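Scroll down for the structure; my scribbles are underneath it.
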Amino acid sequence: MNTQNQILVIDDEIQMRRLLRTTLESAGYNVTLAENAIDGIRNAETHRYDAIVLDLGLPDIDGIEVLKKIRVWAQYPIIILSARTSEEDIVTGLDSGANDYLTKPFRTSELLARLRSSLRVFQSASSPNTIVTIKDISIDLDTHMIKKNGEQIKLTPTEFALLTLFVRNAGKVLTHNYILQQVWGPKFEGESQYTRVYVGQLRKKLEDDPNNPKYFITESGIGYRLIVEE
Amino acid sequence: MPALKESLGNSISRSASGQYYLAVGTVLCISSILYVFEQHLGYQTVSLFLLLVVASLSLIVRVAPVMVAATVSALIWNFFFIPPHFTFAIGLPQDVLLFFSYFIIAAITGILTTRIRARERHATALYTFTKQLVAAKNLDDVAEAAVRNISLFFNTDIVLYLSTLEGDIVTTPHPSSTMNTNEKEQSIASWAYWNEKKAGKYVDMLPFTETTYYPISGPRYPLGVIGVKIKNDKQFSVNQEILLHNFIAQIASTLEREQLNELTKRTIVYAESEKLYKTLFNSISHELRTPIAAIVSASEGLNEQTQSTARRKEFIDEIHTAAERLNRLVENLLDMTRLESGQLAPKLDWCDVRDVVNASAKKLEKELSDHIVNIEIAENLPLAKLDFGLMEQAITNLLHNASQYTPAGTKIAIKVLQREHELFITIHDTGPGFPAEALKKLFEKFYRVPGTKAGGTGLGLSIAKGFIEAHKGSIAASNHSNGGAMFEIKIPLNE
């Protein structure tokens, strides 16, 4: 990290705040803590941050509302934290502009990875690379040339559009509805069988073992994520 | 024949005056016939015939008409048959004796026979009623039989109030009652109930009503109140009162029987829920305490400065394992609560079953690291409408089970295929399998196979079953013919 990124943590549990501060500071971030929604929103309005870690279960204002309020002016990554049983909340959060999510309990390594990839996607969004390499796969977004182990792979236009979406959001979770809107258009909302079928085809063409995917990962009940790291 | 006799008896007994006409008419009729044959019979034989008529009448009509028949026949015999004819004077002294004997015998026969008849009628009614009560299967049956029999036999309207198992009177009449009541009537019924005394009409207590209320006494507290409203407004005779009390005594003992049944059932349910609560409490407090103890002692160990790096790593792993165990417990409890609340509505969406199985296997990567997992999924498997989260949890629980109760190196084979309109998932391990007696109880809440290692709540499989059934599917456990445990899941595929 060349410049220290400023992270705002909004969580009502003191133990979680302490732990997040320790974790993030030891990873080289500057951390500000807020213990409720009002405190968090005020902080976000008055200071400049590079990312926010937001707990959805806040005592004063619903986390989704906080997210929407901040999203109005802030473009930087917002990562939401939530309990396992509220998949719907997570999907709503992601569709309302959150960049990623973590379910409690989460591993610190996972939190750092999500934060890193969100920051990278955000900071490189202005100058996207046209040639992307994921291990043995190389993708040229300009010429539509895709190679795996040097061998050319042929994709249909829809598959290519889907792949482009994944590559541009590498590391970030994409909800079914987001994918459907971006690739097929707004009329296809709710038709998640399209994403399932086409992700299956991408896996067949690009994964080493389509039954045990390493790149195109399913996020239970939420959507997909393209893994590029490690 | 009995039916004919009964219908004849009924039609006659309906009007009181009809009975008198019948009695006097029969006597007159038979007397005229006897008068014709008097020369051949002799007047003493005539008296025997007349006695026969009176005795026969007593089989059909009530006491008063029988008495009239006895008197009329005695007078006729005296006037027309005993010499001198056509006077009430009696010539021979032995005939005076005969005349009075005739009258007394006729009266006694008549009275006794009607009384025996009444008793027989009462006994039959009581017998029929008791038989119905014995056949009653629940409190409602008893109430219905009571109301039906009393209202029919005593020609009354009936209102019946029962008591609750706790000994309070139910303030709304039982639905089988044949009349409506108002608040005033209900308060009289309540009085009769709480004081266990008769109240209402024909009674000193609260007589300003058309109905008489009889408490149904029980061993601990009254079992109810019967309100009786006589339709022809004629107070019961002593015999009828006695019979009604017999009826009520029968009702009381049957109600008591039914209430005891009900109480026993409740006690069993209560005992079961208490057992469940105890099991829950024991297993959960144990399941909570063990990892907490591990966290506490491992973190204390970490605090000691002298520990080597390797030792510190061990402590950290210990804390991690404990935390994961706690998390699994909380998730199981949450899942169980969702199932128990009965509000588990699967959010069905198109899913690739491959994804579901892989997600489960990935979740348990660490637990399954010592096992050889082989996932085999049919190539042309269609997408299925499933709740991803629920199905993933169900399969995770099954795999977790296999990881916990089979030795390291055990093979676990997961197969997914389509069979007609069903999704067919099998999970087969090469472990020791289940003891035969465990197979039936495997999916019961809190059931753990006896002799298995410590740790675990016995909830995992019952949650898996619940989640699969929420998809209208089924799960069965068996021992594979080649050894090892086998789970078969079937889920209907809706095209």
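Details
- Considering residues of segment A:184-198 that are surrounded by fewer than 10 Cβ atoms within 10 Å (Cβ to Cβ) and of a type outside the set (Gly, Ala, Ser) only, the residue farthest from the other protein chains (Cβ to nearest Cβ): A:Pro186
- Filter pass, A:Arg42 being over 28 Å from A:Gln181 (Cβ atoms), loosely packed, with under 14 Cβ neighbours inside 10 Å and at pLDDT below 90: no
- Residue count for segment A:1-32, restricted to those that are in a loop (DSSP other than H, G, I, E, B), surrounded by fewer than 15 Cβ atoms within 10 Å (Cβ to Cβ) and hydroxyl-bearing (Ser, Thr, Tyr): 1
- Single residue of B:Leu333, B:Leu329 found to be more than 30 Å from A:Arg196 (Cβ to Cβ), modelled with pLDDT under 85, outside any strand (DSSP E or B) and within 12 Å of chain A (Cβ to nearest Cβ): B:Leu333
- Every pair of residues 6+ apart whose Cβ atoms lie under 7 Å, when the first sits in segment B:346-375 and is facing chain A (nearest Cβ under 7 Å) while the second is of a type in the set (Asp, Glu): B:Ala359/B:Glu392
- Residue in segment A:105-113 that is under 26 Å from A:Val183 (Cα atoms) and more than 14 Å from every other protein chain (Cβ to nearest Cβ) present: no
- Considering (1) of a type in the set (Asp, Glu); (2) away from chain A (no Cβ under 14 Å); (3) under 26 Å from B:Ile395 (Cα atoms), the lone condition that B:Glu324 does not fulfil carries the number (2).
- Any chance A:Arg225 is within 21 Å of the chain's Cα centre (by Cα), over 24 Å from B:Asn380 (Cβ atoms) and more than 14 Å from chain B (Cβ to nearest Cβ): no
- Any strands (runs of 3 or more DSSP E) falling wholly within segment B:381-461 and containing at least 3 residues that are surrounded by 16 or more Cβ atoms within 10 Å (Cβ to Cβ), within 14 Å of another protein chain (Cβ to nearest Cβ) and not aliphatic (A, V, I, L, M): none
- Counting only helices (runs of 4 or more DSSP H) that fall entirely inside segment B:33-95 and contain at least 2 residues that are touching a Cys at 6+ places or on another chain (Cβ under 9 Å) and in contact (Cβ under 8 Å) with a residue 24 or more places away in the chain, no element qualifies.
- In the set (1) under 19 Å from A:Tyr76 (Cα atoms); (2) more than 12 Å from the chain's Cα centre (by Cα), the condition left unmet by A:Gln182 is number (1).
Yes or no, residue by residue, for (1) of a type outside the set (S, T, N, Q); (2) more than 29 Å from the chain's Cα centre (by Cα):
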{"position": "B:Lys184", "(1), (2)": "yes, yes"}
{"position": "B:Val203", "(1), (2)": "yes, yes"}
{"position": "B:Thr211", "(1), (2)": "no, yes"}
{"position": "B:Gly218", "(1), (2)": "yes, no"}
{"position": "B:Val225", "(1), (2)": "yes, no"}
{"position": "B:Asn232", "(1), (2)": "no, yes"}
{"position": "B:Gln250", "(1), (2)": "no, no"}
{"position": "B:Glu258", "(1), (2)": "yes, no"}
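- Selection status of B:Thr337, surrounded by fewer than 19 Cβ atoms within 10 Å (Cβ to Cβ) and within 30 Å of A:Thr175 (Cβ to Cβ): yes
- Number of the exception - A:Thr156 against (1) more than 14 Å from chain B (Cβ to nearest Cβ); (2) within 22 Å of the chain's Cα centre (by Cα): (2)
- Any hit, segment B:37-51, residues being within 22 Å of B:Arg121 (Cα to Cα) and either within 54 Å of the chain's Cα centre (by Cα) or modelled with pLDDT of 85 or more (or both): no
- When B:Asn358, B:Asn374 are checked against the criterion of being polar (S, T, N, Q), surrounded by fewer than 16 Cβ atoms within 10 Å (Cβ to Cβ) and touching a strand residue (DSSP E or B) at 6+ places or on another chain (Cβ under 9 Å), B:Asn374 stands alone in meeting it.
- A count restricted to segment B:216-258 and to residues that are assigned to a strand (DSSP E or B) and either over 24 Å from B:Asn180 (Cα atoms) or in contact with a Gly (Cβ under 8 Å, 6 or more places away or on another chain) (or both) stands at 2.
- Selected residue (criterion: farthest from B:Gln404 (Cα to Cα)) from residues of segment B:436-457 that are modelled with pLDDT under 85 and under 33 Å from the mean Cα position of the chain (by Cα): B:Lys445
- Residues in segment B:312-321 that are within 13 Å of chain A (Cβ to nearest Cβ) and either buried (at least 16 other Cβ atoms within 10 Å of the Cβ) or more than 17 Å from B:Glu367 (Cβ to Cβ) (or both) were compared, and the one that is farthest from the chain's Cα centre (by Cα) is B:Ile316.
So that you can scan it fast, the table gives a plain yes or no per residue for (1) of a type outside the set (Phe, Trp, Tyr); (2) farther than 30 Å from B:Cys351 by Cα:
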| residue | (1), (2) |
| --- | --- |
| B:Ile427 | yes, no |
| B:Glu437 | yes, yes |
| B:Phe446 | no, yes |
| B:Val449 | yes, yes |
| B:Ala454 | yes, yes |
| B:Ser462 | yes, no |
| B:Phe467 | no, no |
| B:Ala470 | yes, no |
| B:Ala485 | yes, no |
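- Test: residue in segment B:254-273 that is out of contact with any Cys (no Cβ under 6 Å at 6 or more places or on another chain) and under 22 Å from B:His400 (Cα atoms): no
The values are calculated or read from the model by the stated rules, or taken from the named source; none is laboratory data. All values reported here derive from a predicted model rather than from experimental measurement. Quick reminder, even Gly has a Cβ in these numbers, built from the backbone with ideal geometry, and neighbours come from all protein chains shown.
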